[in-house]
Amino acid sequence: MSTVASRRPTHVTGIAPQFLVDNLGRAIAYYRDKLGFELDFKDQSFYAAVTRDGFGIHLKCAPKLAADREHRKQNEHLDAYIAVCGIRRLFSELKMRGAQVLKPLEQRPWACLDFYVEDTDGYILCFSEQQAPISFHKLAGGARFRDQRGNSGLGRCGSPTARLLSQ
């Protein structure tokens, strides 16, 4: 988190993606039973919100293109990046719950340990934990990661931006 943002009179306090789902009940059940989210609200049979540790995902019953979902999956286009603490325990928990793991727990070159899961509508969620502070360095392809304070901005455990998703 940038120290500049915390001193402004206005700042973002949260964000929630909205996923289009074929069956709202099935989607709610998956997020609750397989991923450990809680139902915040349900508006009739077309809209709901689920949260875990204060972070939400909105679910809307509406058509989507199957070809788009398949393209995103084939090219590993993430629908949500979720920074966590306790990644190994979370991975074990979600596997035990029966979550559909697309990519197993792995160390990444950008100093993160992460895994991917897919929900019942093909959305890809990356759960990730930064393993070490990232300093100003080059990664493959010349990409550089660092914020104004020298942080990657990925929500390091113990930082003000890292609210715990798993204990």
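The values are calculated or read from the model by the stated rules, or taken from the named source; none is laboratory data. Please read these numbers as outputs of a predicted model, since none were measured by experiment. Just the protein is used for accessible areas: all its heavy atoms, side chains included, with ligands, DNA and RNA removed. Shrake-Rupley method; radii C 1.70, N 1.55, O 1.52, S 1.80 Å.
How do Thr13, Thr120 stack up against each other in accessible area, from largest to smallest, with a 1.4 angstrom probe? If you can, show how the numbers build up before the last one.
Numbers: Thr13 115, Thr120 60 Å².
These residues rank, largest area first, as Thr13, Thr120.
Note on His58: accessible area approximately 50 square angstrom, rounded to 10, probe 1.4 Å, nucleic acids and ligands left out.
To two decimal places, what compactness ratio does segment 1-84 give when its Cα radius of gyration is scaled by 2.2 N^0.38 Å?
Numbers: Rg = 15.3 Å, N = 84, 2.2 N^0.38 = 11.8 Å.
Relative to the rule-of-thumb radius for its length, segment 1-84 sits at 1.29.
Straight-line reach from Lys42: taking Cα to Cα under 24 Å and skipping same-chain neighbours fewer than 8 places apart, the lysines in range are Lys34, Lys60, Lys64.
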